[in-house]
1. Return, ordered by residue number, the residues of segment 84-116 whose backbone nitrogen is under 15 Å from a label point located 7 Å along Cα→Cβ of LYS1.
2. Residue by residue through segment 25-30, what is 3J(HN,Hα) from phi via Karplus (6.51 cos²θ - 1.76 cosθ + 1.60, θ = phi - 60°)? Round to whole Hz and write x for glycine and proline.
3. Under a 1.4 Å probe, what is the accessible area of the chain per residue, stated in Å²?
4. Quick one: pull the percent of accessible area on the chain belonging to carbon and sulfur, 1.4 Å probe, ligands and nucleic acids left out.
5. Charges only on Cβ, +1 for Lys and Arg, -1 for Asp and Glu: so what's the dipole of segment 18-124 about the Cα centre, in debye to the nearest 20?
6. Amide H neighbours of CYS31 under 5 Å, counting only residues 5+ apart in sequence or on other chains, H built in-plane at 1.01 Å?
7. Taking amide H positions as placed in the peptide plane 1.01 Å from N, state which residues far from ILE173 in sequence (5 or more) or on other chains have amide H under 5 Å from it.
8. Let me have the relative contact order for the chain, percent, based on Cα pairs under 8 Å that are six or more residues apart.
Amino acid sequence: KARPLFVCGCDRSGTTAFADYLNRHQEILICQERYKRTRPKSITPDHFTFERILDFRPEETKRPIWKLRLSSKYHTELLAKKDPAKLKWIGDKLPFYVRWMDVLAENNPGARFIVLYRPIEEVVESWESRANDPDDYWEDDLGAQAAVKTWNMALRKTREFIESSPAPRLLIIGYHDFFYRNEAVVPLVSRFLGLEFDEPVIRAWREASLQFEGGRRHKKPLSEEQRSFIQVRADRGAEEWVLERIEKQWRDP
């Protein structure tokens, strides 16, 4: 009976941490890139039964064996903490879904989407920081050029989906709003999902935010070349539209 819920946005915009926060609620289950190797247009509610989530099929296992083991362990432990009878929302987190929201909405009746927005300068810094970490495994293209291209696409697709939808099926969450004052964001998420967030969940989010801030990677300041590239290539028009939408959510939730 749970409805589909997808968390997405530009890479390095906080989608992973946000999904972990949502999973602290007993009525929400959000996988972590469970169907990264699956074509978005083939994803349906059948993919979100407990049996299917734990059934890693050959076409879904084309990844380093250590990553597959981590994913299997993560989802086994996550599902063990959830009662299927209590779930109201179940889905997956994957930044890439922002490109396919129209298809996912069509194939998953009643689906809703939460998109994370983060300023482009911070996205580029985060991409570079992860790319330069020898202990990390970063699959995506590197550099400001790839980051800006992905960021532009995420904002444009978000606007396109909202403007083409007759119903409020998408909520945009600002990175700073959530991770630095998530208690203020709770009412927005609560109304959007039709759920109550009690004090233990809010307290857990607050404590997680402190840990999140303390565990962030050290990031090098952007170079003049990177800043110049961002100034020329970042789609500020799309960003302005998204920021106005966020403000509208606060004014008229």
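The values are calculated or read from the model by the stated rules, or taken from the named source; none is laboratory data. Note that the structure is predicted; figures quoted are calculated from it, not measured. A quick note on method: Cβ atoms are made from the backbone with ideal geometry, for glycine too, and the neighbour counts reach across all protein chains shown. Ligands, DNA and RNA are stripped out before the accessible areas are found, and what is left, the full protein with its side chains, is counted by its heavy atoms. Shrake-Rupley method; radii C 1.70, N 1.55, O 1.52, S 1.80 Å.
1. Counting only backbone N, you get 84-90.
2. Karplus-based 3J(HN,Hα) across segment 25-30 equals 8, 5, 9, 10, 9, 10 Hz.
3. On the way: 13190 Å² over 253 residues.
Per residue, the chain has an accessible area of 52 Å².
4. Numbers: 6510 of 13190 Å².
Answer for the chain: carbon and sulfur cover 49 percent of the accessible area.
5. On the way: 21 positive and 15 negative charges, 57 e Å.
Its charge dipole is roughly 280 debye.
6. So CYS31 has HN proximity to GLY91, ASP92, LYS93.
7. Counting only residues 5 or more places away or on other chains, the set is VAL115, LEU116, TYR117.
8. Reported as a whole number, the value is 26 percent.
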